[in-house]
1. May I ask you to verify whether His316 is loosely packed, with under 14 Cβ neighbours inside 10 Å, touching a residue at least 40 places away in the same chain (Cβ under 8 Å) and of a type outside the set (Ser, Thr, Tyr)?
2. Given the conditions (1) over 21 Å from the mean Cα position of the chain (by Cα); (2) at pLDDT 90 or above; (3) surrounded by fewer than 22 Cβ atoms within 10 Å (Cβ to Cβ), which single one is not true for Asp670?
3. Would you pick out the residues in region 301-348 that are among the aliphatic types (A, V, I, L, M) and in contact with a Phe, Trp or Tyr (Cβ under 8 Å, 6 or more places away or on another chain)?
4. Which one is surrounded by the fewest Cβ atoms within 10 Å (Cβ to Cβ), of the residues in region 675-721 that are hydroxyl-bearing (Ser, Thr, Tyr), within 38 Å of the chain's Cα centre (by Cα) and at pLDDT below 55?
5. If a residue must be exposed (fewer than 15 other Cβ atoms within 10 Å of the Cβ), of a type in the set (S, T, N, Q) and in contact with a strand residue (DSSP E or B) (Cβ under 9 Å, 6 or more places away or on another chain), how many such residues does region 120-165 contain?
6. If we scan region 225-236, do we find a residue that is closer than 30 Å to Gly471 by Cβ and not in a helix (DSSP H, G or I)?
7. Quick check, is Arg367 modelled with pLDDT of 90 or more and either basic (Lys, Arg) or not assigned by TED's automatic domain parsing to the domain that holds Glu403 (or both)?
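The values are calculated or read from the model by the stated rules, or taken from the named source; none is laboratory data. Every value quoted in this text rests on a predicted model; they were computed, and no experiment measured them. Cβ atoms come from the backbone with ideal geometry, glycine included; neighbour counts cover every protein chain shown.
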Amino acid sequence: MTSPGDAAPVKPPPSFSPGVARGTSKSRYPDEAESTHSIDAELAEARSVSSPTPPLSATTAELPIRSSSPHARSVRSSTPQLARSSLGSPFDGRFDGSEDIRSLIIRAFSPTVAIYASDDTDELVRNKGFKGGFWELVRPFGDTVSGKVVIRDSVGSSRAWEDYGVRFVDLNGFGRTPAGRESGQESSLTQMEEILEQQLESAEGPFGGSIPPKDALGVPVASPLWKLLLRQILSATSAAPHETFGHPVASVIAISSRNMAPLETLRQLYGESSSGDKRLPDWVNSEYLRYYVLVHDEERDDITESTKLYDQMKRHFGLHCHLLRLRSSQCIVTDDDSVQVPSCEWLSPQERLSGVGEAGKYSAFIRQLETNNIAETLVDLGTDGTPYLFDSDVTAIRTFIRELMVQSVIPFMENRVAVWNDQIASRRRGISGRFMSVGRRFMTFGSGSRSGATGSSGGSGNYDPTNNFYGPDSPEAILRKMADFAFMLRDWKLAASTYEMIQSDFKNDKAWKYHAGAHEMCAVSMLLNPLAMSAKIKLESVDQMFENACYSYLTRCSDVPHALRALSLGVELLKSRGGSATESAARWAMRVMDFGLVGPIGQILFTERVSACYASKISMGGAKWGGRRRKAGMWSIFAANQWLKAGNPTLAAACLEEGERLYGDVLETDGVFPIPEMQTFVDNLRHSVKVEYLGARGFDTRDEPASEDPVLTDETSEKLEKIDKRNHRRSLIGLPGQLDVGNFNMTSGTRDPENSPNDDFERA
């Protein structure tokens with residue numbers, strides 16, 4: 001890439017004074033012939049040519065300005081228009097890469113496999129430069145299983161998936177910390193905000209210098225910053241009793257060829273994981289698959305002896321075995337067949353801050369060793385601090401993970417779903433099961449007077465209210481596990497029907513976290529199922545499920561991370577549905593901001609999502625009925641104002657540009673707002689963004705005359721509040737049923753439905 005100093009001199013653009021017509025920029029169209037220079041390159045060139053620092057008034061006329069739309073050519077569009085290819089704006093355009101977000105959500109709920117390796121195996125892997133042992137070696141390769149994975153659903157039809165993955169967890173640390181504590185919830189939310197701040201303050205620029213991809217129309221898809229936040233939300237929840245996504249589906253027991261008593265060691269490891277010190281918590285079903293791995297040292301041990309031992313393992317422990325051949329020497333970047341180890345995609349906020357699975361961890365480790373003068377004993381990790389492996393090792397690890405999933409884990413899950421569906425779920429769906437459910441409901445009313453004295457809730461009696469979980473062998477726990485297995489196998493129809501079937505059981509037992517989780521995952525399953533949601537009544541039922549899940553999580557369980565996850569999933573999946581579902585998605589994003597579930601940066605990102613939801617609503621007919629471009633532009637301008645307050649004028653300029661573009665499609669008076677107060681607000685905001693942007697890059701802004709009205713003066717704010725209270729014209733084609741946002745009064749962020757203003761201008 002040519003640096004700004006090597007580029008040819010650029011002619012200054014014409015002055016955009018009043019009365020001078022401006023040409024429309026072609027950078028938004030796919031047939032663009034010439035690429036526009038970013039403002040950073042032009043400012044750097046101007047700084048290198050001019051000797052003293054020019055004042056703001058001398059530089060504003062030379063800024064590359066891009067009009068918001070062909071119909072908006074007024075003086076108001078003097079914002080520093082920044083090229084998105086050099087900016088990496090977090091704003092998602094009209095077409096936001098819903099398939100990419102959908103795949104991200106699906107991969108977040110992958111099967112979990114525990115790793116339990118012997119000491120000699122961990123020692124062999126540590127010699128290769130991985131401090132965490134065998135678990136740290138295989139963990140990054142589980143994000144995506146190589147090749148296509150064929151899965152058979154409950155009706156016998158098969159489908160191949162190319163984005164299937166697996167989560168590897170360390171059995172030594174599984175379930176050792178209690179899940180659902182308020183201190184842990186607050187720390188995870190605080191850590192997410194800290195991660196976003198570090199990403200914005202990184203020396204490489206916004207989002208670590210990454211450039212958001214674009215779709216076929218040249219519109220940027222979901223930004224890396226929003227994907228990072230969504231990934232952290234999906235990773236912040238640890239293993240919990242009320243859902244089995246984090247429970248191990250299988251356990252890998254690994255030994256190496258250096259072991260002197262391999263078969264005895266395997267039996268010992270099995271006993272420790274089943275009934276010893278490494279036994280899983282009581283709320284985890286211990287009937288999971290065991291998979292045995294023999295790690296062969298290619299450089300020191302004999303493959304013939306390892307093959308004989310591998311045959312003995314298959315005779316003693318069955319066919320769920322694998323021979324993994326690795327080189328024990330350290331790989332450096334200068335080796336001919338060196339391959340960079342991929343970074344872990346699913347890191348919890350605590351792991352990401354500590355640098356686990358990233359180059360920062362290894363860099364910090366190197367600095368520590370250099371301080372102790374022992375760095376010469378460490379493997380050379382390369383210039384960027386990233387570990388490397390031999391190509392043969394990478395191929396062997398990927399083959400091992402594919403065989404583990406395709407030949408063992410997925411058939412095991414398919415078999416368990418078929419057995420549970422036949423033995424337990426089918427009985428509940430029959431006439432006798434329905435009568436038992438009705439009888440249990442009447443027993444709840446009849447035993448209400450005795451429940452206070454005996455402590456019984458009038459339900460099935462399988463729920464332990466003291467420890468707040470069902471026994472792993474109870475029908476309710478098995479049905480929940482069956483639904484989660486079906487969800488991870490991507491059989492969303494069976495998963496949705498099972499979640500819906502067990503909701504009443506959890507309600508009768510007053511197992512509120514189970515109740516909330518069943519509603520959340522039932523709604524998610526219905527939204528992921530491409531054959532569902534054929535009628536409007538389905539959308540209303542999905543909204544009610546998210547409503548129930550959010551209420552139970554926040555009011556009855558005080559579980560903020562799971563509530564944030566449920567609402568975030570609702571926002572993205574409803575948005576991907578299109579039509580009237582986009583407005584429901586926008587309302588759920590507003591609910592997240594109202595409840596204060598995220599920090600300041602998270603609030604800005606959710607503000608942008610509201611704008612993206614409204615922008616994705618496609619208008620109908622020549623009159624553009626049903627579109628929400630005006631609301632999308634308003635929320636984008638709100639996001640620009642918040643980015644400016646947060647001290648990031650670059651992102652503020654990008655959001656302001658997008659807001660002007662959206663408004664330019666609906667304003668009929670040559671891009672001028674019909675309300676003077678709104679025009680003044682946008683003009684002042686644009687001026688502040690320009691001053692902050694140029695001031696952050698070392699330009700002198702003292703000669704720039706101050707605006708007549710500040711950006712957010714009390715007078716302007718009061719006038720805008722009066723404008724918002726007026727009755728706004730509604731669409732002629734009708735609006736979908738709105739959700740009642742006043743049902744929740746558990747936090748200070750909720751509204752009083754009786755005293756709330758008529759804010760249809762923003763939210764209807």
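1. Here the answer is yes, as His316 does meet what is asked.
2. Condition not satisfied by Asp670: (2).
3. Selection gives Met313, Leu323, Leu324, Ile332, Val333, Val339, Val341.
4. Of everything passing the filter in region 675-721, Ser717 is surrounded by the fewest Cβ atoms within 10 Å (Cβ to Cβ).
5. 1
6. yes
7. no
Conditions tested, residue by residue: (1) acidic (Asp, Glu); (2) within 19 Å of Phe485 (Cα to Cα); (3) assigned to a helix (DSSP H, G or I).
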position: His515; (1), (2), (3): no, yes, yes
position: Glu540; (1), (2), (3): yes, no, yes
position: Asp543; (1), (2), (3): yes, no, yes
position: Tyr553; (1), (2), (3): no, no, yes
position: Leu564; (1), (2), (3): no, no, yes
position: Leu567; (1), (2), (3): no, no, yes
position: Gly579; (1), (2), (3): no, no, no
